[in-house]
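First up is the structure itself, then whatever we jot down about it.
Throughout, read-outs are computed from the coordinates displayed, never taken from laboratory work. Computed from a prediction, not measured in an experiment: that's the story for all the values here. A quick note on method: Cβ atoms are made from the backbone with ideal geometry, for glycine too, and the neighbour counts reach across all protein chains shown.
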Amino acid sequence: MSKEFLGFHSEWNMGSPGGWEYQRIAQLLGKTAWGLIQETHEVGVDIDFDDPQINAVPGFARMLVRAHPI
């Protein structure tokens, strides 16, 4: 087993609701993977995957709703 953590990839495609869903799933996968890594390795780093800096989709959606009220 490798002792290196190569990272994980997500991509931002805010141009369509499909892109938002893709990013939401990437957030869940990243959060789950990070939790599994921390269960088996002492990393010493906590990442808040719900922080708006990392997970901007909910805030972006709220901004659009505020900008274009029905």
Problem - Packing-based order for 25-33, 57-65, using average beta carbon neighbours within 10 Å, highest first - result: 25-33, 57-65
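So how strong a dipole does the stretch 20-68 carry about its Cα centre when Lys and Arg Cβ are +1 and Asp and Glu Cβ are -1, to the nearest 20 debye? Could you put the intermediate results ahead of the total?
Numbers: 4 positive and 7 negative charges, 81 e Å.
Here the stretch 20-68 has a charge dipole of around 380 debye.
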Practice task
Could you work out how far apart the two model spin labels at F60 and I37 are, taking each label as a point 7 Å from the Cα in the direction of the beta carbon, and quote it in nm?
Solution key: 2.2 nm
